[in-house]
Amino acid sequence: MIPPSTPAFAPTPDPLTPARDITHAHFQAGDQIIVIKGVAGRELWGDSLRVVAPSWHTPTDEDGWRLYDATGGAQSYITAHPRYLVHLTRRCPDCLIHLRAMENHLLPKHRDPHALIDCGWYTTTALGQLVHVADARGDR
Ligand SMILES: [Zn+2]
């Protein structure tokens, strides 16, 4: 993965992450995961984070995971829904299938080999909750 510099913002639909069927128990403390945010050159790009502990994901009112971002600065800890997370370190067929599907969906749309593209799916609330655009609600 190419380290984040200044991504170009290119809103792109993501029908795959909201439809993903993955349980909370699929992850555990200590797992290294990625939250896919876009495309860098010819591969997917995102934030690499470590799973810390179970935590309530208020935007969806469902069980989530607290994540540690070593490069996060003021927001080193965020809480995310399990379906935002993809395993990096463990050989995991479920997450691999999702990665491949995201590649097949996104790479044909962003063909510039030198571009860093933020597809604009995620925001982080003031309370450190990571929210996918499909889960964003007006009352929070
Ligand atoms: Zn997995």
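Observations, loosely collected:
Conditions (1) away from the ligand (no atom under 13 Å from the Cβ); (2) closer than 18 Å to Gln28 by Cα, marked per residue:
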position	(1), (2)
Pro59	yes, no
Trp65	no, yes
Asp69	yes, yes
Tyr77	yes, yes
Tyr84	no, yes
Cys95	no, yes
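- Scanning region 45-82 for residues that are among the aliphatic types (A, V, I, L, M) and at pLDDT 95 or above returns Leu49, Val51, Val52, Ala53, Leu67, Ile78, Ala80.
- Selection over region 69-82 of residues that are of a type in the set (Gly, Ala, Ser), more than 30 Å from Pro108 (Cβ to Cβ) and part of a strand (DSSP E or B) gives a count of 0.
- Within region 89-105, the set of residues being part of a helix (DSSP H, G or I) and either surrounded by fewer than 16 Cβ atoms within 10 Å (Cβ to Cβ) or not aliphatic (A, V, I, L, M) (or both) comprises Pro93, Asp94, Cys95, Leu96, Ile97, His98, Arg100, Ala101, Glu103, Asn104, His105.
- Count - residues of region 27-48 that are within 14 Å of the ligand (Cβ to nearest atom) and crowded, with 16+ Cβ neighbours inside 10 Å: 6
- Pairs with Cβ under 8 Å, 6+ apart, first in region 23-40 and polar (S, T, N, Q), second within 13 Å of the ligand (Cβ to nearest atom): Thr23/Pro82; Gln28/Val51; Gln32/Val51; Gln32/His87; Gln32/Leu88; Gln32/Thr89
- Among the candidates Arg50, Arg66, Arg111, residue that is assigned to a strand (DSSP E or B), of a type in the set (Lys, Arg) and closer than 23 Å to Thr6 by Cα: Arg50
- Tabulated pairs, region 68-92, first under 15 Å from Asp47 (Cβ atoms), second of a type in the set (Val, Ile, Thr) and near the ligand (Cβ under 9 Å from one of its atoms), C-beta under 8 angstrom, 6+ apart or interchain: Leu85/Ile22; Leu85/Ile33; Val86/Ile33; His87/Ile33; Leu88/Ile33
- Filter result (hydroxyl-bearing (Ser, Thr, Tyr) and exposed (fewer than 12 other Cβ atoms within 10 Å of the Cβ)) within region 54-88: Thr71
- Evaluating Leu116 against the criteria (1) in contact (Cβ under 8 Å) with a residue 60 or more places away in the chain; (2) aliphatic (A, V, I, L, M); (3) within 16 Å of the ligand (Cβ to nearest atom) leaves one unmet condition, (3).
The values are calculated or read from the model by the stated rules, or taken from the named source; none is laboratory data. These numbers were taken from a predicted model, which means no experiment stands behind them. Note that each Cβ is placed from the backbone with ideal geometry, even for glycine, and that neighbours are counted across all protein chains shown.
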